[in-house]
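Engineer: Encoded as structure tokens, here's the structure I'll be asking about.
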Amino acid sequence: MMTTPFVHLHVHSDYSPMHGVSPLEELCTLAQRHGSRAMAVTDTNGLYGAIRFIEHATRQGLRPILGAELTTSNHRTILLVKSPDGYANLCRLLSERHCNPSFNFLTSVSRYRRGLIILTDDEAALMNWVEDSRHDLYVELTPGPAMHETLLFSRRIHLPPVATNRVHFSDPDGFSTHRLLRAIALNTTLSRLPEEACCTPRQWLMPPALMASQFPHVPEAVANTVRIAEACHSDWRFGDTIFPAFRRLTDDDAFITLQEKTYAGARQRYQVISQAIRDRIEKELTTIRAKRFAHYFLVVEEIVRRAPRTCGRGSVAASIVSYCLKITHVDPIKHNLFFERFLNPGRKDPPDIDIDFPWDERDQVLKDVFEQYGERQAAMVANQNSLGFRAALRETAKVYGMPAEEIGTMSSRIVRQKDVLNFPAPPTIEQWLCRLSQIFNLKAPWPEILARTLKAQNHFRHLSMHCGGVVIVPDEIRRYVPVEYTAKGLPVIQWEKRPDRGRRACQNRYLGQPVSGCHSGRLSGHCRTYGPTNRLCDMGSIGRCRHPRSHPIR
């Protein structure tokens, strides 16, 4: 089947907070059905779903192009990653957008544009950037009333045009959900929602042939989408592991330091170092050196030393090195524990160290970590908060203008009953809505509110801070992942500890367990896939009380 040469380069998924409608999997599946060979996802001011997008696109045989739509109140532009350096610059740029109160859109993009391809119809921005360089600069054309004027501007300043549809949903039916999300975000009703707050009903993932038909007078704009896609980086690998460099030591110096600390600890633990103890220590150190994990053990040991009321648990208890460093307090020789359960030459995943310590020491441990490594190297892990069923129901009812008392009464009744309807088999949405309507004798507009609630449910709303997860890198964290600030003033990465958000995507690449415990928290040294080519070492989860509170992003 012949496919019209066209690539969507401006696509918002449901990771564009309260803007995008369609899940990444749905967008990738549809693009593949259209015969597309590549697609870019350009969520608003973030790379929140970047790792999931790469997984879904690769599974569908698409070349995944990473990018973002950078916006302020006065300007907007699409930034596509052309090289690994471009990815690092995009992360830095997005971080500055979120973290710098005096963020200057024009100068910041000029500073970080190396390795990025820029698409925009922002005339003021283009006139500014064209003075620096015309390289990788395009005028974005989107079907609509303004396209003619934008095309004239493109020809006047001699910048190539590129066709996009500023996609916000996978099919035309998604427009109603987009309006619902925008009304929720703006805390207004559908009847009062400003038209300019929404995209147009035509901004869906059109097939290539239909997109090409929108530009009969400017075919080069369509052809440029393919040229740009071919120029963009899409070979995203996750093979390397990035650990924090302990005290900026080399690998050899770090290993020597670890060896010295281990034997010093062994003399304290055992008094006399027998041949069996020495053989076990050397066996473990050989594996640790081959895996280049010395920095990791030293960082964990340093944190543990500052909070002495700790207890390592899990498979790390099988390590005599950890025992000698006082990361754990179980003698693996006495209890005949096998080191290979924790770490062995054939294991590809990094080690997993869980440490319990008193919850009331969490803030001090965090303070010590950030004093040691600084915000340049360390940041908290995020929680990506989405609309749950109860919240979606209440917010949708508000958008319909329902009275607060009625919303409270109806939402309580519906939430209590929604999971106990006794269907003999999993119901369809229509069956579920019909049964609820019968049980509660729902009058209009409540059946419609319920139907719209299911459309709004699970949409990404905002970030909050994980109660203790910390990521530490050896150089600059903002080159690997965008960073934002929490209400407490701590930096937080845009990716969460458990990235599946109820979905199975990428679960195998992000190692770790949920934090648990009432009287003690946990400092877990997990290593998980982050960034375009590497993994970061996550030194979290640090602490958790019985009812942990999330801290919304400002």
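The values are calculated or read from the model by the stated rules, or taken from the named source; none is laboratory data. No experiment lies behind these values; they were computed from the predicted model shown. Neighbour counts run over all protein chains shown; Cβ positions are idealised from the backbone, glycine included. When the accessible area is computed, the model is the full protein with side chains, heavy atoms only, and any ligands, DNA or RNA have been set aside. Shrake-Rupley method; radii C 1.70, N 1.55, O 1.52, S 1.80 Å.
Engineer: Exactly one of (1) at pLDDT 90 or above; (2) of a type in the set (A, V, I, L, M); (3) touching a strand residue (DSSP E or B) at 6+ places or on another chain (Cβ under 9 Å) is unmet by ALA294. Its number?
Structural biologist: If we test ALA294 against (1) at pLDDT 90 or above; (2) of a type in the set (A, V, I, L, M); (3) touching a strand residue (DSSP E or B) at 6+ places or on another chain (Cβ under 9 Å), just (3) comes out false.
Engineer: A follow-up question, please. Checking the condition part of a helix (DSSP H, G or I) and touching a residue at least 60 places away in the same chain (Cβ under 8 Å), which residue from LEU298, LEU258 passes? Spell out the reasoning first.
Structural biologist: Numbers: LEU298 fails: touching a residue at least 60 places away in the same chain (Cβ under 8 Å).
Step by step, each of LEU298, LEU258 is checked, and only LEU258 is part of a helix (DSSP H, G or I) and touching a residue at least 60 places away in the same chain (Cβ under 8 Å).
Engineer: I'd like the residue in segment 324-336 that is closer than 17 Å to GLN275 by Cα and in contact (Cβ under 8 Å) with a residue 12 or more places away in the chain and, out of all such residues, is most open to solvent (accessible area, probe 1.4 Å).
Structural biologist: ILE333
Engineer: Just one of (1) under 29 Å from GLU476 (Cβ atoms); (2) in contact with a His (Cβ under 9 Å, 6 or more places away or on another chain); (3) hydroxyl-bearing (Ser, Thr, Tyr) trips up TYR323, so point out which.
Structural biologist: (1)
Engineer: Taking ALA317 as the residue in question, decide whether it is assigned to a helix (DSSP H, G or I), of a type in the set (Gly, Ala, Ser), over 16 Å from ARG347 (Cβ atoms) and within 32 Å of the chain's Cα centre (by Cα). If you could, list the steps in order and put the result at the bottom.
Structural biologist: On the way: assigned to a helix (DSSP H, G or I): yes; of a type in the set (Gly, Ala, Ser): yes; over 16 Å from ARG347 (Cβ atoms): yes; within 32 Å of the chain's Cα centre (by Cα): yes.
Criteria met by ALA317.
Engineer: So for segment 365-378 (the condition being open to solvent by less than 10 Å² (accessible area, probe 1.4 Å) and in contact with a Ser or Thr (Cβ under 6 Å, 6 or more places away or on another chain)), does at least one residue qualify?
Structural biologist: No: zero hits.
Engineer: Can you name the condition, by its number, that PHE357 falls short on among (1) open to solvent by 50 Å² or more (accessible area, probe 1.4 Å); (2) in contact (Cβ under 8 Å) with a residue 60 or more places away in the chain; (3) not in a helix (DSSP H, G or I)?
Structural biologist: All conditions pass for PHE357, except number (1).
Engineer: While we're on this one: Suppose we keep only residues that are out of contact with any strand residue (DSSP E or B) (no Cβ under 8 Å at 6 or more places or on another chain) and not in a loop (DSSP other than H, G, I, E, B) within segment 18-51. Which one would you say is farthest from VAL481 (Cα to Cα)?
Structural biologist: Start the filter on segment 18-51 by keeping residues that are out of contact with any strand residue (DSSP E or B) (no Cβ under 8 Å at 6 or more places or on another chain), which leaves 23, 25-26, 29-30, 32-36.
Within this subset, residues satisfying the condition of being not in a loop (DSSP other than H, G, I, E, B) are 25-26, 29-30, 32-33.
Working: GLU25: 22, GLU26: 24, THR29: 26, LEU30: 28, GLN32: 28, ARG33: 31 Å.
So the residue we want is ARG33.
Engineer: Can I ask one more? Is it the case that ARG280 is in contact with a helix residue (DSSP H, G or I) (Cβ under 6 Å, 6 or more places away or on another chain) and more than 25 Å from PHE370 (Cα to Cα)? First the steps, then the outcome.
Structural biologist: Working: in contact with a helix residue (DSSP H, G or I) (Cβ under 6 Å, 6 or more places away or on another chain): yes; more than 25 Å from PHE370 (Cα to Cα): yes.
Here the answer is yes, as ARG280 does meet what is asked.
Engineer: Kindly establish whether ALA229 is farther than 30 Å from THR453 by Cα and in a helix (DSSP H, G or I).
Structural biologist: Yes, satisfied.
Engineer: Pick from segment 214-244 the residues that are modelled with pLDDT under 95 and of a type in the set (Ser, Thr, Tyr): which of them is nearest to GLY115 (Cα to Cα)?
Structural biologist: Only one residue fits best here, namely SER234.
Engineer: Looking at segment 35-61, which of the residues that are more than 20 Å from the chain's Cα centre (by Cα) and surrounded by 19 or more Cβ atoms within 10 Å (Cβ to Cβ) is farthest from ARG478 (Cα to Cα)?
Structural biologist: From segment 35-61, those more than 20 Å from the chain's Cα centre (by Cα) are 35-38, 60-61; that's our starting set.
With the extra rule that they be surrounded by 19 or more Cβ atoms within 10 Å (Cβ to Cβ), the set shrinks to 36, 38.
Values: SER36: 32, ALA38: 27 Å.
My answer is SER36.
Engineer: Give all pairs with beta carbons closer than 8 Å in which a residue from segment 362-374 that is farther than 17 Å from MET465 by Cα meets a residue that is open to solvent by 20 Å² or more (accessible area, probe 1.4 Å) and in a helix (DSSP H, G or I); count only pairs at least 6 apart in sequence or on separate chains.
Structural biologist: Partner pairs satisfying both residue conditions: ASP368/ARG306.
Engineer: At pLDDT 90 or above, assigned to a helix (DSSP H, G or I), surrounded by 15 or more Cβ atoms within 10 Å (Cβ to Cβ) and basic (Lys, Arg) - does that describe any residue in segment 391-405? Talk me through it step by step, then tell me what you get.
Structural biologist: Filtering segment 391-405 down to residues at pLDDT 90 or above leaves 391-405.
Filter once more, so that each one left must be assigned to a helix (DSSP H, G or I): 391-399, 404-405.
Within this subset, residues satisfying the condition of being surrounded by 15 or more Cβ atoms within 10 Å (Cβ to Cβ) are 391-399.
From what is left, the residues that are basic (Lys, Arg) are 394, 398.
Scanning segment 391-405, I find at least one residue that is at pLDDT 90 or above, assigned to a helix (DSSP H, G or I), surrounded by 15 or more Cβ atoms within 10 Å (Cβ to Cβ) and basic (Lys, Arg), so the answer is yes.
Engineer: Also: Based on what the data block shows, is VAL381 more than 21 Å from SER322 (Cα to Cα) and of a type in the set (Val, Ile, Thr)? Explain how you work it out, then say what you get.
Structural biologist: On the way: more than 21 Å from SER322 (Cα to Cα): yes; of a type in the set (Val, Ile, Thr): yes.
The answer is yes for VAL381.
Engineer: Kindly evaluate VAL304 against the criterion of being open to solvent by 80 Å² or more (accessible area, probe 1.4 Å) and of a type in the set (A, V, I, L, M, F, W, C). Working first, answer last.
Structural biologist: Values: open to solvent by 80 Å² or more (accessible area, probe 1.4 Å): no; of a type in the set (A, V, I, L, M, F, W, C): yes.
No; evaluated as a whole, the condition is false for this residue.
Engineer: Determine whether segment 146-156 contains at least one residue that is at positive phi, buried (at least 16 other Cβ atoms within 10 Å of the Cβ), in contact (Cβ under 8 Å) with a residue 40 or more places away in the chain and of a type outside the set (Asp, Glu). Write out each step before concluding.
Structural biologist: Quick first cut of segment 146-156, residues at positive phi only: none.
No, the conditions are met nowhere in segment 146-156.
Engineer: Also, I was wondering about something else. Residues in segment 169-186 that are outside any helix (DSSP H, G or I), open to solvent by 20 Å² or more (accessible area, probe 1.4 Å) and touching a residue at least 24 places away in the same chain (Cβ under 8 Å): how many? Write out each step before concluding.
Structural biologist: Our first condition is that a residue be outside any helix (DSSP H, G or I); within segment 169-186, this holds for 169-173.
After this cut, where a residue has to be open to solvent by 20 Å² or more (accessible area, probe 1.4 Å) as well, the list is 171-173.
Pick out the ones that are also touching a residue at least 24 places away in the same chain (Cβ under 8 Å) and you get 171-172.
Total meeting the criteria: 2.
Engineer: Something else: Return the pairs, sorted by first residue and then second, in which the second residue is open to solvent by 30 Å² or more (accessible area, probe 1.4 Å), the first residue lies in segment 19-34 and is in contact (Cβ under 8 Å) with a residue 40 or more places away in the chain, the beta carbons are less than 6 Å apart, and the residues are 6+ apart or on different chains.
Structural biologist: Here the result reads HIS34/PRO207, each pair linking segment 19-34 to a residue that is open to solvent by 30 Å² or more (accessible area, probe 1.4 Å).
Engineer: Of everything in segment 115-160, what is among the small types (Gly, Ala, Ser), out of contact with any Ser or Thr (no Cβ under 7 Å at 6 or more places or on another chain), within 19 Å of ASN74 (Cα to Cα) and modelled with pLDDT of 95 or more? Give them in sequence order. Outline the logic, then answer.
Structural biologist: Kept after step one, since they are among the small types (Gly, Ala, Ser), are these residues of segment 115-160: 115, 124-125, 133, 144, 146, 154.
Okay, now just the ones that are also out of contact with any Ser or Thr (no Cβ under 7 Å at 6 or more places or on another chain), so 124, 133, 146, 154.
Those left that are additionally within 19 Å of ASN74 (Cα to Cα): 124, 146.
Selection gives ALA124 alone.
Engineer: Would you mind stating whether GLY312 is small (Gly, Ala, Ser), open to solvent by 40 Å² or more (accessible area, probe 1.4 Å) and either assigned to a helix (DSSP H, G or I) or farther than 18 Å from PRO244 by Cα (or both)?
Structural biologist: Working: small (Gly, Ala, Ser): yes; open to solvent by 40 Å² or more (accessible area, probe 1.4 Å): no; either assigned to a helix (DSSP H, G or I) or farther than 18 Å from PRO244 by Cα (or both): yes.
The answer is no for GLY312.
Engineer: Cβ-Cβ distance below 9 Å, separation of 6 or more or different chains: which pairs start in segment 264-277 with a residue that is on the phi < 0 side of the Ramachandran plot and surrounded by 16 or more Cβ atoms within 10 Å (Cβ to Cβ) and end on one that is of a type in the set (S, T, N, Q) and in a helix (DSSP H, G or I)?
Structural biologist: From residues that are on the phi < 0 side of the Ramachandran plot and surrounded by 16 or more Cβ atoms within 10 Å (Cβ to Cβ), there are no pairs.
Engineer: Sticking with this structure for a sec: What is the one condition in (1) among the polar types (S, T, N, Q); (2) surrounded by 17 or more Cβ atoms within 10 Å (Cβ to Cβ); (3) over 30 Å from LEU9 (Cα atoms) that SER234 does not satisfy?
Structural biologist: It is condition (3) that SER234 fails.
Engineer: Does any residue of segment 187-202 turn out to be surrounded by 15 or more Cβ atoms within 10 Å (Cβ to Cβ), small (Gly, Ala, Ser), in a helix (DSSP H, G or I) and out of contact with any Lys or Arg (no Cβ under 8 Å at 6 or more places or on another chain)?
Structural biologist: no
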